[in-house]
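Below is one structure, written out as structure tokens; the observations come after it.
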Amino acid sequence: MAVKTFAAVSIGSAVTEMKIFEFTQKRMMREIECISTRINLGLDVYEQGRISREHVDELCAVLNDFKRTMSGYQVASYRVFATSAFRESRNKAFLCDYIEKQTGLEIDVFTNSEQRFVDYQAIASVSADFENIIANATAIVDISGSSTQISLFDKDKLITTQNIRVGNITTRENLLPLSKNGEHFEKLLRELMDYELTGFTKIYQKDRKIRNLIVLGGGLREMLSMKEREEIRELIRSREAAALKAETAKKESGTVKADAAKKESGAVKADAAKTEASKKEGGDVKAESAGKDMISVTDGSSKEKQAGFAAKSGAPKSSDLLKKDADGKRIPSLTKEQYEIIYQEMISHTPDEVAKTYNLPSDLTDAIIPSAVICRSLIESFDVDVVWMPGFSLNDGVAYDYGVRMGLLTRRHSFDEDILAATRSISKRYKASQAHNRNVGDIAVEIFDRMKKVHGLGARERLLLQIAVILHSCGKFISLTDVSECAYNIILATEIIGLSHEERAIVAYTVKYNTSRFIYYDELETKTDLDEKEYMIVAKLTAILRIANSLDRTHQQKCGNVTVTLKEHELKISVASQADLSLEKGAFEEKVDFFEEVFNVRPVLKQRKSF
């Protein structure tokens, strides 16, 4: 395989960045160029609701420069994408059209769920131990101009991803006019974050101990350069020395007490052993020996238990794993105590003083201080041990996704499983039957796989079918009489990480038409943004979901053992069950006509009572 180059260009709220990557014959991804420039598009959107003409022209000039750089590197493929500033700008459509005409570059505007999904693909792309990192409770936090995204992982699975509408630009603009001084600004922002995090903690964190906080965005990596300043280093050294001294004193005090208790316990055990040995052997010497043996066995057993516990723990701690990235480089981090020292030093100064002292751009310090307050609230709420600031960008995730799709990289982590895990969390929130979902899901996937040559859909559509199955009954939480419409509205209103708005709409319509009257495209096109291709996907997934759902009409999982075979224009669904399937057969017969209309294949249900 020849070396291929790929460019990823991100247009953010404050920074526009291009990274160029090489994909080598060893199935590795290597960054070979990174260029960035600061254009504060987010402030435009906050103040005016749109991006100004001056900044649009500046952005076009930057993108044309990037284009020339791509040409110099002979870039084989590229992707240009925009995030929240474009997403929330009212002139988004005009912007994309104008920039494409001026630069020849087509811009993808990420939805929030797409952006957050790429965020953690970026971490997986540069951390060889991503699986082990998320084995323990870990929060990945992306602080942007208008919001803060929190993605919570535990036991290798994505638990939830939630967007809090508290960002570093919007809070500064909102709270500064209300603040008397910097200290008052910090107090107001912390109160705001405490309120937002209370709900998150109750609903999602629960009793999980979050060990790692991985922070993306917000300009907080600049805090690491502050850590290297001599006065900060001295503060950290003195605080750590004091903490170590206190810990040592505590241990010594505990050791003295433990030794005294051990001696007393040992003496009692020795006396008991002597008495027992005297009874059996009639000798004081043997009794004393037995006493000594008793003490040594007790100590050895304790060590064996500790060794066994360590062996069961298996992998090293996630905090150890995060120390290095895939190339063996150390990933920057701060302990909770180190962060607090730097935070207090920074928060005691105005943004201008911080910019001057640490040689930072003034517009960057305007964002860093609110970001630092937001991060501190997260540290306190989650009680984390370590704050990691890896410096990954969306460009890393976009390049990683490109490499996997093109077969240039091997995917280390199953992101589809994370999407499904997050979807199941939504389903549980609305009290849907998980046993029913599993049964219907198994049948739906079996039908999908047997019908590949007929429907022509791929792995992505298979994933959308699985998501539709998981969410198809969540509307019952709102209404038992209008389930499909309520489920449709829930899905459209809920972020599902990794899905675009169009994909979420496909899932919502599939769930809606599972029990509602199916509307044909000529009638629907005036009421929806679905194009004809997306509509066909909805029709095919709906036909499959209807059949699968009918086979668990009673929600008793009577059809747990199902085999599906396709022969010409007949899809034979064979169920091994001794149960009464009268209701399932009745529901099935109601769905077969639509299935046949969509696929020109008629499903037939056969029950096998002997198996």
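The range 185-207 and the range 495-529 have Cα centres lying 35 Å from one another.
Quick check on packing: order 157-164, 569-576 by the mean number of other C-beta atoms within 10 Å, highest mean leading.
157-164, 569-576
Taking all protein chains as shown and a probe of 1.4 angstrom, Ser348 keeps an accessible surface of around 80 Å².
Taking every Cα-Cα distance in the range 526-611 and sorting them into 10 Å bins starting at zero, the pair-distance distribution P(r) comes out as 17, 45, 26, 10, 2, 0 percent. Solvent-accessible surface (1.4 Å probe) assigned to His501 amounts to roughly 80 Å². Remark on the range 55-172: hydrodynamic radius 16.5 angstrom, per the Kirkwood mean of 1/r across alpha carbon pairs. The lysine pair tally for the range 1-151, using Cα distances under 18 Å and a gap of 8 or more places or different chains, is 6. Working note: Cα gyration tensor of the range 1-128, eigenvalues times five, square-rooted, sorted largest first, giving semi-axes of 27, 17, 11 Å.
As a length-normalised measure over Cα pairs under 8 Å and 6 or more apart, the relative contact order of the range 515-603 settles at 28 percent. Protein heavy-atom accessible surface, 1.4 Å probe, per residue over the range 333-490: 39 Å². Say the cut-off is 19 Å between C-alpha atoms; which of Lys512/Lys540; Lys453/Lys572; Lys428/Lys452; Lys476/Lys512; Lys155/Lys209; Lys155/Lys206 go over it? With Cα atoms farther than 19 Å apart: Lys428/Lys452.
Normalising the average separation of contacting C-alpha pairs (under 8 angstrom, six or more residues apart) by the number of residues puts the relative contact order of the range 325-394 at 52 percent. Ranking Tyr520, Tyr204, Tyr343, Tyr46 by solvent-accessible area of protein heavy atoms (1.4 Å probe, all protein chains present), from largest to smallest, gives Tyr520, Tyr46, Tyr204, Tyr343. The distance linking the range 75-106 with the range 418-466 is 34 Å (Cα centroid to Cα centroid, whole angstrom).
Protection proxy ranking of 583-590, 26-33, by the mean of other Cβ atoms within 10 Å over each peptide's residues and highest first, is 583-590, 26-33. Kirkwood hydrodynamic radius of the range 537-586, from the reciprocal of the average inverse Cα-Cα distance over all distinct pairs: 11.9 Å.
The values are calculated or read from the model by the stated rules, or taken from the named source; none is laboratory data. Because the structure is predicted, anything quoted here is derived from the model rather than measured. Every residue, glycine as well, gets a Cβ built from its backbone with ideal geometry; the counts of neighbours run over all protein chains shown. In case anyone asks, the SASA skips ligands and DNA or RNA and just uses the protein heavy atoms, side chains included. Shrake-Rupley method; radii C 1.70, N 1.55, O 1.52, S 1.80 Å.
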